[in-house]
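One structure coming up, written as structure tokens, with questions to follow.
The values are calculated or read from the model by the stated rules, or taken from the named source; none is laboratory data. Keep in mind that what you see is a predicted model, and the values were worked out from it rather than measured. Virtual Cβ from ideal backbone geometry, glycine too; neighbours counted across all protein chains shown. Only protein heavy atoms, including side chains, enter the accessible area calculation; ligands, DNA and RNA are left aside. Shrake-Rupley method; radii C 1.70, N 1.55, O 1.52, S 1.80 Å.
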Number of protein chains: 2
Amino acid sequence: MADYTEMWTELGIDLAAHDGLLEVLPPLYGESILSQEGRPEGMEYFDFVFSEIHGLRVKELVDHKKSGGTVVGTFCTYVPEELIIAAGGICVGLCAGAQVAAEEAEKYLPRNICALIKSSLGFKLAKVCPYIESCDLLVGETTCDGKKKYYEILNDFQPVHVMELPQRKADPDRSLWREEVRRLAERLEELSGKKISEDSLREAVRVVNAKRTALLRLAELRKSDPPLISGRDALLINQIAFYDDPVRLTEKINALCEELEARKDSGGSIGGAHRPRVLLSGCPMAIPNWKVAAIIESSGALVAMDEMCTGIRYFRHLVDDGAAGMDELLDAIADRYMLIDCAVFTPNPERLDHVKELVRDYGIDAVVYYALQFCGPYTVEAYKVKREMEDMGMPFLYLETDYSSEDIGQLSTRVQALIEMVGIADKA
Amino acid sequence: MADYTEMWTELGIDLAAHDGLLEVLPPLYGESILSQEGRPEGMEYFDFVFSEIHGLRVKELVDHKKSGGTVVGTFCTYVPEELIIAAGGICVGLCAGAQVAAEEAEKYLPRNICALIKSSLGFKLAKVCPYIESCDLLVGETTCDGKKKYYEILNDFQPVHVMELPQRKADPDRSLWREEVRRLAERLEELSGKKISEDSLREAVRVVNAKRTALLRLAELRKSDPPLISGRDALLINQIAFYDDPVRLTEKINALCEELEARKDSGGSIGGAHRPRVLLSGCPMAIPNWKVAAIIESSGALVAMDEMCTGIRYFRHLVDDGAAGMDELLDAIADRYMLIDCAVFTPNPERLDHVKELVRDYGIDAVVYYALQFCGPYTVEAYKVKREMEDMGMPFLYLETDYSSEDIGQLSTRVQALIEMVGIADKA
């Protein structure tokens, strides 16, 4: 990485604390990601992007701002990035996946709040996240109690526009959400000082649809057994999809897919034969949170699919680009986001159906439910997912954890027991 | 209490487990409530109602059902009881305030969920709550993540109609909520098989307004110093207001108020001079949860007001009965409930303003913030309340607890330290 000290200083980064963070990342990356064998060549780009996570990409944001553009930060897959792009902005996901300044954050937040929220405020308070410091606006949403109320506190530090996400999917909810999408569009227009035109919105829809289509193409390739790519590499790509340039990223994902398709045609794989295939289901794993994926794959299994926001929940649905006119296009965008089956909705049968579908389509041998401790929606919905899996005779393991490394031993033991059981069942 | 074995058996109550529960209540009541000195005579009625909590009042519900009426259970102050009454129903609050069958409940719910929800499912699973077993319908609401998702599980045991409460108070939210109020009215009409007429609705509004007006009259009397009534007795009345017959209850509260007003005129009090006056603020204290109120008052202080759902948040606002016609009346009901300043709303400046107002109006010496562990909205909003109190120079104590008795010693120590500090400040 080049010397970005000047840029970080201008952004108000606490250089000493930031140095500490940057020292931790490479060994973690080495251990969790680079140590894997048989990785596709196309992963080189993503390794590079990660190595420059606080460097080159941040420089692009800063340069974009210098040339009159805006940078908008989000925390959730419910915020329509199409609008941000159409208003001449860059959209960056700010969900935080590492324990930073937890004690400091607990001066504002209860101790019993999920690691993702605590980490987000920790990054802000410790001044070690050049992404949030680059943002002209943060866009929150009323998904869970924790985030909804956290945004009120965060707003004291930096302006947060909060979108109201309804809690059901009936007609009045759809109307409310369509209005919320328009309210965000207005706010973004105010921020950038330029109107969102139908052309720019249509182009943004094309760009984001292309990104999601590329991610879907990659997901399709994860059905291969033996596997063409590890779950950790796929997770890394999904995590990077939240902050990298969407056009460049799409090209790189497609190039990787071509490599994997060729590998598939020649009977190749990342090595070895069949591995027990795990569906990871539940809360998002924000970068650099690879803890559970690494535990599963180090135990000899494969994460074949991620039913989470840093997985297929992010790219499963496209915006209908057949919409005619601005109003229809805005509705199409709103409707696409209402399809997301996050546990914050009640009832949420779509998610149960989707988990079952993934289990069938991806040849899943076991489901690992990943719950961030204190995440109300996902910890409660776990019961319904578990019951459905039991009905299918599908092994199910519920893991509740946070960002600490203290429970790695205990989690590993439980995952290994699951994988062993599945392995024995495979042979029987 | 008479012998209600037959009635309980018909309701499907587990008699052995229920006996266990009924053995625990009288000593708890004796210790927390009856042991107080100088109680007003008017409390006799409430002592009686509590002594018959699973007897006489349940018999009234059963008799009401036998004569063709319905019984509808609620968990939250956001459910318009006017509609239930207008449809010929009896409305009973089902929030549960004691630890029952927690282990059994944890087979369905995460361990880290608030005591109120865990207790509610515990009562259902253990079959020891004749109220829930009497209900023809349960009405939930999308207030917090925990309850919202819990209702999906509870619905497997008993039908739950869920009202969608919006999360902001803008115009689209108001519209959505007005529709939700109408949707509930329709469901109640279906249930009872009779139309809600304008007359019956107007009468129900009158009944519930009268109940809230009586509670407001009592609240007004709590401004007296030295006190005319203890915080625990006032809390008990508020708790009983969720399940007793509203017309009879209103009479009894008014009679009590007359007694207190006479006492006030003659310079009487519950004994002693000024006691440090505490505002309890936060989560609801469902019956028989008197833990924190008892700790505070045993430390020599007085709970002068409760800024909670089992307190002034329940009765602060009345329905505007000037509304002309059915449609306006339904809107007036919807609008009244949207005024409630629960922490589930974002932003929620009304609550901060109200806490400050109560501190001034009730001559408050210290605020005790009562947070149920794992309650996202109230534990996060605590930060804002604390900051406002610090700005006013108001002593503030944050207590996070559950329904167990294990932390009573620790809580008492902290409360005593607060009261001592306030006492010293008083003398200075």
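Taking θ = phi - 60°, what integer Hz values does the Karplus form 6.51 cos²θ - 1.76 cosθ + 1.60 yield along the range A:406-413, in sequence order, with x for Gly and Pro?
Running phi through 6.51 cos²θ - 1.76 cosθ + 1.60 with θ = phi - 60° gives 5, 9, 4, x, 5, 5, 4, 4 Hz.
Next question, about the same structure. For the range A:52-146, restrict the atom set to alpha-carbon positions and state the Rg and Dmax in Å.
For the range A:52-146, the Cα-based Rg and Dmax read 14.0, 42 Å.
Another question, then. For the interface of chains B and A, what total accessible area is buried with a 1.4 Å probe, rounded to the nearest 100 Å²?
3700
Listed here are the pairs A:Lys356/B:Lys147; A:Lys169/B:Lys148; A:Lys149/B:Lys148; A:Lys149/B:Lys118; A:Lys148/A:Lys211; which of them are more than 19 Å apart at the Cα?
A:Lys356/B:Lys147; A:Lys149/B:Lys118; A:Lys148/A:Lys211
Now a separate question. Kindly report the accessible area of the protein assembly as shown per residue (heavy atoms of protein chains, probe 1.4 Å, no ligands, DNA or RNA), in Å².
36
Which angle from 0 to 90°, rounded to the nearest 10, does the C-alpha axis of helix B:246-265 make with the longest principal axis of chain B?
Roughly 20 degrees between the two axes.
Taking the Cα atoms of chain A, what is the range of coordinates along each of the three principal axes, in descending order and whole Å?
In descending order, the Cα extents are 65, 51, 47 Å.
Other chains near B:371-380: what is the mean number of their Cβ atoms within 10 Å of each residue's Cβ?
If you average over the peptide's residues, the count of other-chain Cβ atoms is 6.
Inter-copy label distances at A:Asp156, 7 Å along the Cα→beta-carbon direction, one decimal in nm, shortest first?
4.1
How far apart are the B:Leu28 label points across copies, placing each 7 Å from Cα toward Cβ, in nm, shortest first?
Its label point is 4.5 nm from the equivalent points in the other copies.
Another one. Tell me what the protein assembly as shown gives for mean residue ellipticity at 222 nm when only DSSP H runs of n ≥ 4 count, each as -39,500 (n - 2.57), the sum divided by the residue total, rounded to 500 deg cm²/dmol.
-17000 deg cm²/dmol, from helical runs alone.
Okay, moving on. If contacts are Cα pairs under 8 angstrom and at least 6 residues apart, what is the relative contact order of the range A:152-302 in percent?
22
If you take the charge dipole of the protein assembly as shown about its Cα centre, with +1 on Lys and Arg Cβ and -1 on Asp and Glu Cβ, which of B:Ala105, B:Gly271, B:Ser298 is farthest toward its positive end?
Value: B:Ser298.
I would also like to ask the following. If you place +1 on the Cβ of every Lys and Arg and -1 on the Cβ of every Asp and Glu, how big does the dipole about the Cα centre of the range B:209-344 come out, in debye to the nearest 20?
660
On a C-alpha basis, how far is the centre of the range B:138-190 from the centre of the range B:7-23 in Å? Whole number, if you could?
Centre-to-centre (Cα) distance: 30 Å.
Name the residues whose placed amide hydrogens come within less than 5 Å of the amide hydrogen of A:Val303, ignoring near sequence neighbours (fewer than 5 apart) on the same chain.
Residues meeting the criterion, in which the H sits 1.01 Å from N, are A:Gly231, A:Arg232, A:Val278.
Dipole of the protein assembly as shown (Lys/Arg Cβ +1, Asp/Glu Cβ -1, origin at the Cα centre): which of B:Ile253, A:Pro159, B:Ile237 lies farthest to the positive side?
B:Ile237
Still on this structure: State the Cα centre-to-centre distance between the range A:26-62 and the range A:312-379 in whole Å.
28
Given q = 0.11, 0.19 Å⁻¹, what are the Debye log10 I(q)/I(0) values for the range A:87-216, with equal point scatterers placed on the Cα positions and solvent ignored?
Scattering profile of the range A:87-216, log10 relative to I(0): -0.49, -1.21.
Computed over the Cα atoms, what is the radius of gyration of the range B:153-240 divided by 2.2 N^0.38 Å, N being its residue count?
1.53
Taking R0 as 41 Å, what's the FRET efficiency between A:Asp199 and A:Ala2 from their Cβ-Cβ distance, rounded to 0.05?
Once the sixth-power term is evaluated, E becomes 0.65.
What lysines does A:Lys291 reach when the alpha-carbon gap must be under 16 Å and sequence neighbours fewer than 8 apart in one chain are set aside?
Those lysines meeting the cut-off do not exist here.
Okay, moving on. In sequence order, what are the phi-derived ³J(HN,Hα) couplings for the range A:344-358 according to the Karplus relation 6.51 cos²θ - 1.76 cosθ + 1.60 with θ = phi - 60°, rounded to whole Hz, with x for glycine and proline?
My calculation for the range A:344-358 gives 5, 7, 9, x, 9, x, 4, 5, 4, 4, 5, 4, 4, 4, 5 Hz in order.
Could you tally the net charge around B:Lys264, taking each other residue with its Cβ under 15 Å from the Cβ of B:Lys264, Lys/Arg +1 and Asp/Glu -1?
That sum, taken over residues with Cβ under 15 Å, equals -3.
Which residues' amide hydrogens lie under 5 Å from the amide hydrogen of A:Glu141, considering only partners 5 or more residues apart or on another chain, with H built in the peptide plane?
For A:Glu141, whose amide H was placed from the backbone, the distant partners under 5 Å are A:Met163.
Could you tell me what fraction of 2.2 N^0.38 Å the Cα radius of gyration of the protein assembly as shown comes to, as a two-decimal ratio?
1.01
About the Cα centre of the range A:348-398, how large is the charge dipole given +1 on each Lys and Arg Cβ and -1 on each Asp and Glu Cβ? Please answer in debye to the nearest 20.
Approximately 160 debye in magnitude.
Give the lysines whose C-alpha is closer than 23 Å to that of B:Lys194, dropping any in the same chain fewer than 8 places away, or say none.
Leaving aside lysines fewer than 8 places away in the same chain, those within reach of B:Lys194 are B:Lys65, B:Lys66.
Whose amide H sits under 5 Å from the amide H of A:Phe396, counting only residues 5 or more places off or on another chain, with H placed in the peptide plane?
When sequence neighbours closer than 5 places are left aside, the close amide H contacts are A:Val367.
Something else: Loop-only trypsin sites (Lys or Arg not before Pro) in the range B:68-139, please: DSSP not H, G, I, E or B, and at most 10 other Cβ atoms within 10 Å.
B:Lys107
Still on this structure: Over the range B:306-399, what is the relative contact order in percent, taking alpha-carbon pairs closer than 8 angstrom and at least six residues apart?
22
A further question follows. Quick check: Cα centre of the range A:72-97 to Cα centre of the range B:275-296, how many Å?
Centre-to-centre (Cα) distance: 43 Å.
Now a separate question. Step through the residues of the range A:312-322 one at a time and calculate ³J(HN,Hα) from phi using the Karplus curve (6.51 cos²θ - 1.76 cosθ + 1.60, θ = phi - 60°), rounding each to whole Hz and writing x for Gly and Pro.
Going residue by residue, I get 5, 4, 6, 10, 5, 10, 10, 6, 5, 8, x Hz, with x marking Gly and Pro.
A further question follows. List the distances, in nm to one decimal, from the label point of A:Asp265 to the label points of the same position in every other copy, shortest first, placing each label point 7 Å from Cα along the Cα-to-Cβ direction.
9.9
Per residue, what volume in Å³ does the convex hull of the Cα atoms of the range A:250-335 enclose?
Dividing the Cα hull volume of the range A:250-335 by its residues yields 148 Å³.
State the Kirkwood hydrodynamic radius of the range B:372-418 in Å, one decimal place, computed from all pairs of distinct Cα atoms.
Its Kirkwood hydrodynamic radius stands at 11.9 Å.
Still on this model: GNM on chain B, C-alpha springs below 10 Å: top fluctuator among B:Asp199, B:Asp156, B:Asp145?
B:Asp156
Pairing the Cα long axis of helix A:198-221 with the longest principal axis of chain A, what angle in degrees results, from 0 to 90 and rounded to the nearest 10?
Approximately 10 degrees, to the nearest 10.
A follow-up question, please. Just how large is the dipole of chain B about the Cα centre, in debye to the nearest 20, putting +1 at every Lys and Arg Cβ and -1 at every Asp and Glu Cβ?
My answer is approximately 640 debye.
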